[in-house]
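Participant: Quick one: structure below, then a few questions.
Readers should treat all values here as calculations from the given coordinates under stated rules, not as data from a laboratory. Computed from a prediction, not measured in an experiment: that's the story for all the values here. As a convention, Cβ positions derive from the backbone with ideal geometry for all residues, glycine included, and neighbour counts pool all protein chains shown.
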Protein chains: 2
Amino acid sequence: MTASFADCANAIRALSMDAVEAANSGHPGMPMGMADVATVLFQRYLKFDPVDPAWPDRDRFVLSAGHGSMLLYSLLHLTGYARPTLEDIKNFRQIGSPCAGHPENFELAGVECTTGPLGQGLAMAVGMAIAERHLNATFGDELVDHRTWVIAGDGCLMEGINHEAIGIAGHLKLNRLVVLWDDNNITIDGPVSLSSVEDIPARYRATGWHVVECDGHDEADIVRALDEAVASDKPVLVKCRTIIGKGAPNKQGSSKVHGSPLGKDEVAAARVALGWNHPAFEIPQDIRDAWLAAGARGAAPHAAWKERLAAHPDRLGWERRGDVQPNLLQPHVQSLLANTQKVATRKASELALEAVNAILDETIGGSADLTGSNNTLTKGLQRLDADNYGGRYINYGIREFGMAAAMNGMALHGGVIPYGGTFLVFADYARAAIRLSALQHARVVYVMTHDSIGLGEDGPTHQPVEHLMSLRVIPNLDVWRPCDAVETAEAWEAALAKADGPSLIALSRQNLPQLRTEAAENRSARGAYALLEAEAPRKVVLLATGSEVEIAVAVREALEAQGIGADVVSVPCFERFDAQDVAYRRDILPQDALKVSIEAGTTFGWERYTGNDGLRFGVDGFGASGPYLKLYEHFGLTAGAIVPQILAKLNGEQA
Amino acid sequence: MTASFADCANAIRALSMDAVEAANSGHPGMPMGMADVATVLFQRYLKFDPVDPAWPDRDRFVLSAGHGSMLLYSLLHLTGYARPTLEDIKNFRQIGSPCAGHPENFELAGVECTTGPLGQGLAMAVGMAIAERHLNATFGDELVDHRTWVIAGDGCLMEGINHEAIGIAGHLKLNRLVVLWDDNNITIDGPVSLSSVEDIPARYRATGWHVVECDGHDEADIVRALDEAVASDKPVLVKCRTIIGKGAPNKQGSSKVHGSPLGKDEVAAARVALGWNHPAFEIPQDIRDAWLAAGARGAAPHAAWKERLAAHPDRLGWERRGDVQPNLLQPHVQSLLANTQKVATRKASELALEAVNAILDETIGGSADLTGSNNTLTKGLQRLDADNYGGRYINYGIREFGMAAAMNGMALHGGVIPYGGTFLVFADYARAAIRLSALQHARVVYVMTHDSIGLGEDGPTHQPVEHLMSLRVIPNLDVWRPCDAVETAEAWEAALAKADGPSLIALSRQNLPQLRTEAAENRSARGAYALLEAEAPRKVVLLATGSEVEIAVAVREALEAQGIGADVVSVPCFERFDAQDVAYRRDILPQDALKVSIEAGTTFGWERYTGNDGLRFGVDGFGASGPYLKLYEHFGLTAGAIVPQILAKLNGEQA
């Protein structure tokens, strides 16, 4: 006996409600509501091979409504992925299970990206679809020819990032992107009408999308809609009318079924209503066979693809993508030592990128409408748009969050290394995506210029003060603040070589002298190092980052003139310094010297390096509008203001 | 001779280009492009009285495209506000001038909110329009009957927050909100078509707005459009077709005129093109008179309004709005002491809010679709919606950023005190608006629940780890993390009494014992205090916040059992503690004790209180998915794991 479509879909429903019940925690409503749509997608449309979840030409499936994680775990299990096993599913939401509360790409192969923070899955899918079109343009249909599918709920569509994401997709005419909208009319607080009167299809059409509708519980109608979707020359929204929690007879269709276990009685009632007469976690063999057959669809195309790859003229170019030499920029650094540059570090970043983009084909640059300020566009880089997917520069528009999420999607897709720019202060707009870069181990490089009061007249709305420190606390994010052209190159080198996570490079608007005179190794990669050592007996260690290293050098000069020895320690990256061994750190931060930090931002956090006995110079309130040199005076960040306070401290006076 | 409309508009153009030229910094394009629309608005429609910029029933004008600040400064100057003076304008973008690079509400009366971070001005205007309708419903047309006008550019409309903001406005049918869209087809990178194919009017219509179009340089056509706008029963977008930098003959219509001075030659050419034959900063008297007459329009309605206020039956109720007694919640605290509560602090917050909302009429609560999780809705609070503007609870939808910005607008409008909830991890989505709450001195209370790994199974996407510390670095934001029901009430009391800035209250999902047994004063308001003092000779001071105070109490018990005296210091608010005098701080953090911090978040930053010799227990990577007690074990945040490390440290062993 062959399993029916309903049997297959109900297997998802049963696994989902049983796993949530066992965990006594989770979200049964979405998996039960979207089981039919997902069954059609995974059995008929999605190109994938459970034997090799990393097959580069697979379709990407993104569960943007990540709370419905059991939908995805059920699908991966049923179609024959090695994990999750039934045991994994029984341990849903337990420590050590790959079946975490929300899908995590770093825990389970087959999970393309980490979702749960609403709206970002769909926005990452846009980046995946960009990467696909770009690689298709570069390597041809024979290597790259796949789609990106998304399941999204009302939450994903209501979030602001949805506007940015679909704006990018509509502009770029990403017609291989299909969003399956779980249109169940329910949010956590109640019916969608509690908070919205929006005509979502009209909004998508206004943004360059094609829209299809279907009954999300009617197999034939879903097939009709998906056939229409894959034929479109635009990105497609499929409005799937569904009942949340479908199958739970007393709770379906209401917000009660969204985020809590159904409860023993309702689970039993659902079994009756669905005609599912099997114990918890048991799937009859005929249903297993039907699902495994669906999973086996990918074997042949995968094998054929491997043959095409073996025969491809640029196979080596394909395979080396993403391999970055750790000393990538040594020639560029040597040229800087030969021809010293007094430039803003944002300009130094452009110089480094000129070298990077010439060596690495896989970089895709961009900016959230600040190209000329972020210096992210290098000579010869063509625009990536709907007429030229082979280009390598994206005008993302005024969409910082959408840009960051798209870059996450590109990095996770693989084959490209994205970087993108905005002002450092607007890291706040993109912060939720920066966090996901870090959590997902995505190699994304954030180019954040105008990194302090040094930007001058634009004033406190544009002057980052707390941003450096607030970004340094994000785990697995390297925050760089180079002091000159050499350190900027070193930061880029380290950022690109970090394959398992994001980096953020904070860059100055104002010109800075080149302070580094040698570069036998990438000293910045240590996180902190003695740029200048004391000549007189050392009593002071001056710690500074970025544009304030120049000030530290001036402070040192004044101290040395009085016979007080002082090191200048440049601290381009806290995270890297904290990863050094104890001996190195003690050498840089000796016990017997007064430690003094200088950074044009909050002093909070510098205690880690200065101790509470040290001195910390910075900006602990908001900035102000004025020419930048006057602002540095105004906030006491000059050698003239700092030196007397150091002397007083050394003399035991009250600071 | 009477000044013409063109003369009046050209006065704005001349002041703007001259001020930017003098500062050698700024954005002439927008003021010159929108001068005609702004002239119609300020001369014919806007209700305001330059003599009293704080008149509560004035129309609100929000320059969402804040980079065009000279447009606003010109208008305030010309219509007769006391500031900016001509001297102020000549000092545009200099330290000390109220004419900062971007408009700042705290620097200059007449600036309704601080703008520049794109999209947020419009979103704040939505909040102002909500406050207006709510107060109108409460006090009637005779006291509250005004409009909110916005000038926004393409950047404001492209940002994600625009989707959230117009979604709220469309849903609430805020027909007294009019957005004047400077449709000049230019962004910084070049033509809008570089990054967008969006049909903006269609999107606004899809979201419940009415859309009107006009030629933004044709006085009569602008008047026709605004007449239509004020007659609408929906919020209105007015598409004003304009030429950016209009009047600068060689640069207008291109991105060149957006963000740089025109240059001496182009300024001279613009004078010729505009027929403006006056020296820099000189405005002929007839033009001044015309503008002053426009400014004088408000005197009579203002006087009439004052009479209506004097006669209003609830004049006292009107005038006391916003006055919060510093001991507002003492009766509630006393009831907690009498009937101890073991509840999650999110539940404790609900209990506090029950008391608050009964005393203060002016609170307006809400949640970004997590009402039942944030515990923000108290009994008897009606929903505020288009059918009931008098309600006091807003279902904001899944729109954290839009909610936060709307709350800023409400607070700045005055007459209401907004609070709103989401999960703490999603503070990242709203962060740019939280920063603006702080910069603008806006009394907004953020209710952020699920404040650590203590939320359990939802896993690392939902578990804030770095968030507390990253929020503590925002200047002028009080971040509270109360440990029990009493501290929660004290946090609410302090937050509501802080009229000049925002507060954020981080609250647990899990139940916590009530640790406070006395409350003669609001001890939390000190920021940190000894909850328990050592009995044995003190060797240790345990510092903890929120749910980890319970752990500190258990650690103390184990230490005392071994004859080691330990204080437990609860630290509900770093900012408040840092503001205490040295003697108090030294008393809490004595030199001669080992300081140990326990907080289920990043340990970075705790060095300020523990010193580098202390111990810091926390979560320095991302969280995990599992039941919360198991997570606390997994991350070593139990008395059993902590006590041995303290003992080892006291014994001089390596930690």
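Participant: If I fit a long axis through the Cα atoms of helix B:160-171 and take the longest principal axis of the Cα atoms of chain B, what angle between them do I get, 0 to 90°, rounded to 10?
Facilitator: Relative to chain B, helix B:160-171 is tipped by roughly 80 degrees.
Participant: Once amide H atoms are placed 1.01 Å from N in the peptide plane, what residues at a sequence separation of 5 or more from A:R60, or on another chain, have their amide H within under 5 Å of its amide H?
Facilitator: Hits under the 5 Å cutoff: A:R147, A:T148, A:W149.
Participant: Sticking with this structure for a sec: What whole-number distance in Å separates the alpha-carbon centres of region A:387-466 and region B:387-430?
Facilitator: That distance is 27 Å.
Participant: Here's a follow-up. Using the Cα gyration tensor of region B:5-304, with a ≥ b ≥ c the square roots of its eigenvalues, what is the shape: rounded (a/c below 1.5), prolate (a/b larger than b/c) or oblate (neither)?
Facilitator: oblate
Participant: Tell me the mean residue ellipticity at 222 nm calculated for chain A from its helices only (DSSP H runs of n ≥ 4, each -39500 (n - 2.57), averaged over every residue, nearest 500).
Facilitator: -12000 deg cm²/dmol
Participant: Taking R0 as 41 Å, what FRET efficiency do you get between A:D387 and A:A220 from their Cβ-Cβ distance, rounded to the nearest 0.05?
Facilitator: The formula returns an efficiency of 0.65 here.
Participant: How far apart, in nm, are two points set 7 Å out from the Cα along the Cα-to-Cβ line at A:L337 and at A:E560?
Facilitator: Roughly 2.0 nm, to one decimal.
Participant: Tabulate in residue order the Karplus-calculated ³J(HN,Hα) for region B:205-218, using 6.51 cos²θ - 1.76 cosθ + 1.60 with θ = phi - 60°, rounded to whole Hz; enter x for Gly and Pro.
Facilitator: 4, 5, 10, x, 9, 9, 10, 10, 10, 7, 7, x, 10, 10
Participant: Per residue of region B:421-428, in order, report the coupling 6.51 cos²θ - 1.76 cosθ + 1.60 (Karplus, θ = phi - 60°) as ³J(HN,Hα) in whole Hz, putting x for Gly and Pro.
Facilitator: x, 7, 6, 4, 4, 8, 3, 4
Participant: Take the alpha carbon gyration tensor of region A:526-651, find the square roots of its eigenvalues, order them as a ≥ b ≥ c, and report rounded if a/c is under 1.5; if not, report prolate when a/b exceeds b/c, else oblate.
Facilitator: Oblate is the answer for region A:526-651, as a/c is 1.5 or above yet b/c matches or exceeds a/b.
Participant: Now, a different point. Nearest 10 degrees is fine. How inclined is helix A:285-296 to the longest principal axis of chain A, computing both from alpha carbons?
Facilitator: 50 degrees
Participant: Please arrange A:M469, A:M32, A:M448 by counting, for each residue, the other beta carbons lying within 10 Å of its beta carbon, fewest first.
Facilitator: A:M469, A:M448, A:M32
Participant: Still on this model: Excluding B:R556 itself, calculate the net charge of residues whose Cβ lies under 14 Å from the Cβ of B:R556, where each Lys or Arg counts +1 and each Asp or Glu counts -1.
Facilitator: Net charge around B:R556: -4.
Participant: In degrees from 0 to 90, rounded to the nearest 10, what is the angle of the helix B:345-359 Cα long axis to the longest principal axis of chain B?
Facilitator: Here the helix axis deviates by roughly 50 degrees.
Participant: Where a ≥ b ≥ c are the square roots of the eigenvalues of the C-alpha gyration tensor, would you call region A:168-258 rounded, which needs a/c under 1.5, or, failing that, prolate if a/b is larger than b/c, or oblate?
Facilitator: Judged from the Cα gyration tensor, region A:168-258 comes out oblate (a/c at least 1.5, b/c at or above a/b).
Participant: Bins of 20 Å, beginning at zero and ending with the bin holding the largest distance: percent of Cα pairs per bin for chain A, please.
Facilitator: Taking every Cα pair in chain A, the percentages come to 19, 45, 28, 9, 0.
Participant: For the protein assembly as shown, what is the percent of antiparallel DSSP beta bridges, rounded to the nearest 5?
Facilitator: On the way: 16 of 126 bridges.
Bridges in the protein assembly as shown are about 15 percent antiparallel.
Participant: Another question, then. Using the Cβ atoms and a cut-off under 10 Å, what net charge is assigned to the surroundings of B:H413, where Lys and Arg are +1 and Asp and Glu are -1?
Facilitator: Values: positive: B:R60; negative: B:E112, B:E132.
Summing Lys/Arg as +1 and Asp/Glu as -1 gives -1.
Participant: Something else now. B:T517 label points, 7 Å along Cα→Cβ, one per copy: pairwise distances from this copy to the rest in nm, shortest first?
Facilitator: Label-point separations across copies, in nm and ascending: 6.8.
Participant: I want the antiparallel fraction of DSSP beta bridges within region A:526-651, as a percent rounded to 5.
Facilitator: Given both bridge residues lie in region A:526-651, the antiparallel proportion sits at roughly 20 percent.
Participant: List the residues, sorted by chain then number, that are 5 or more residues from B:G421 or on another chain and whose placed amide H is less than 5 Å from its amide H.
Facilitator: B:G366, B:S367, B:A368, B:V447
Participant: Note the full-extension length gain between A:T517 and A:E213 as 0.36 nm times their separation in residues minus their Cα-Cα distance, in nm to one decimal. Display every interim value, and only then the final one.
Facilitator: Values: separation 304, 0.36 × 304 = 109.44 nm, distance 6.42 nm.
Contour length minus the Cα-Cα distance gives 103.0 nm.
Participant: What are the ³J(HN,Hα) values, in whole Hz, obtained from phi via the Karplus relation 6.51 cos²θ - 1.76 cosθ + 1.60 with θ = phi - 60°, for each residue of region B:320-332 in sequence order, with x given for Gly and Pro?
Facilitator: So the Karplus estimates, Gly and Pro as x, are 7, 3, x, 7, 10, 5, x, 10, 3, 9, 4, x, 5 Hz.
Participant: Count the DSSP beta bridges whose two residues both fall in chain B, then state the antiparallel fraction as a percent rounded to the nearest 5. Before the final figure, lay out each step's value.
Facilitator: Working: 8 of 63 bridges.
Antiparallel bridges: around 15 percent, rounded to the nearest 5.
Participant: Taking only C-alpha pairs under 8 Å that are 6+ residues apart, what is the relative contact order of region A:526-651 in percent?
Facilitator: Values: 215 pairs, mean separation 33.2, N = 126.
Value for region A:526-651: 26 percent.
Participant: Related question: Filter the cross-link list A:K90/B:K342; B:K347/B:K498; A:K347/A:K630 down to pairs whose alpha-carbon distance in this structure exceeds 29 Å.
Facilitator: From A:K90/B:K342; B:K347/B:K498; A:K347/A:K630, over 29 Å: A:K90/B:K342.
Participant: Give me, ordered by chain and number, the residues 5 or more places off B:L507 or on other chains with an amide H under 5 Å from its own placed amide H.
Facilitator: B:M448, B:T449, B:H450, B:D451
Participant: I'd like the mean, over residues of A:164-173, of how many other protein chain beta carbons sit within 10 Å of each residue's own Cβ.
Facilitator: Mean partner-chain Cβ count within 10 Å for A:164-173: 3.
Participant: So, counting K/R as plus one and D/E as minus one, what does the shell of residues with Cβ under 11 Å around A:D52 add up to?
Facilitator: 0
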